[in-house]
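Okay, so here's the structure we're looking at.
The values are calculated or read from the model by the stated rules, or taken from the named source; none is laboratory data. If you're wondering where the values come from, they're calculated on a predicted model, not measured in any experiment. Reconstructed Cβ throughout: ideal geometry from the backbone, glycine too, with neighbour counts over all protein chains shown.
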Amino acid sequence: MVNEEKIPIVSDLERALAMTYAAPAHRAALDALWQLDDRLAAILRTTREPIVGQMRLTWWHEALLALDTAPPPAEPVLQALARDVVPRVPARRLADLVEGWEALLEPTLDQDAIQAHATHRGRGIFAAMATIVSVEDAAIPASGEGWALADLARHLEAPATADLARNMARDTFAAVDNYRWPAAARAIGAIAQSARLDLATDPRPRGHPARAARLLWLRVTGR
């Protein structure tokens, strides 16, 4: 059985706020990427048996790969990706995101599975966003890895496993502490900063005015 406590609920108000920092020309593509991430998360949340989850994720992997060579089927997320993302990000890169969610089908989450989730989901989606906004820097996918680790830690039931993911997130973010986010990428940076705020010993709840102020500071300064 899939443990629902492992599945991040990825849609949140702080992400919506961060997306307002993006240039209007980039918003549709960034939104399409998050629609994909939400859809893959929903598969695991609504699947009780790992084999069924694997079958559904395999369908998405194949459907995403096909966007490089064929028109999308009548599926809204795939159509949005084909229209707004694939002209800039090859569909094979989008298909790789599926592997991050497949890692959560394991009956227990060890460090390797957690790292696989962070690499394929977090690093992958942040790298795709970086391509869309035309800012290629190694700090961006690294921040995505930290974001995915922090996001997963918030939703893990087992304290020891949550602590492992949280410590991995802190170590990952520490490597990019001095990064100044370019103006074009500050929507991405705000999402990473939101995850960093979650790593505090006693984090304020999402949507707290102090958190919103911190995200605004990043929008203005890049830090």
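Structure values in brief
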| read-out | value |
| --- | --- |
| Filter result (farther than 15 Å from Ala91 by Cα, part of a helix (DSSP H, G or I) and among the polar types (S, T, N, Q)) within region 42-68 | Gln54 |
| Sole residue being more than 12 Å from the chain's Cα centre (by Cα), at pLDDT 95 or above and part of a helix (DSSP H, G or I), chosen from Ala127, Ala165, Ala148 | Ala165 |
| Residue, surrounded by the fewest Cβ atoms within 10 Å (Cβ to Cβ), within region 168-186, restricted to residues that are out of contact with any Ser or Thr (no Cβ under 6 Å at 6 or more places or on another chain) and either among the hydroxyl-bearing types (Ser, Thr, Tyr) or in a loop (DSSP other than H, G, I, E, B) (or both) | Asn178 |
| Considering residues of region 152-162 that are part of a loop (DSSP other than H, G, I, E, B) and closer than 14 Å to Leu199 by Cα only, the residue modelled with the highest pLDDT | Arg154 |
| Residue match in region 91-113 (condition: among the hydrophobic types (A, V, I, L, M, F, W, C) and farther than 26 Å from Ala169 by Cα) | yes |
| Filtered residue count, region 69-105, keeping only those that are assigned to a loop (DSSP other than H, G, I, E, B) and either out of contact with any helix residue (DSSP H, G or I) (no Cβ under 6 Å at 6 or more places or on another chain) or at pLDDT below 95 (or both) | 9 |
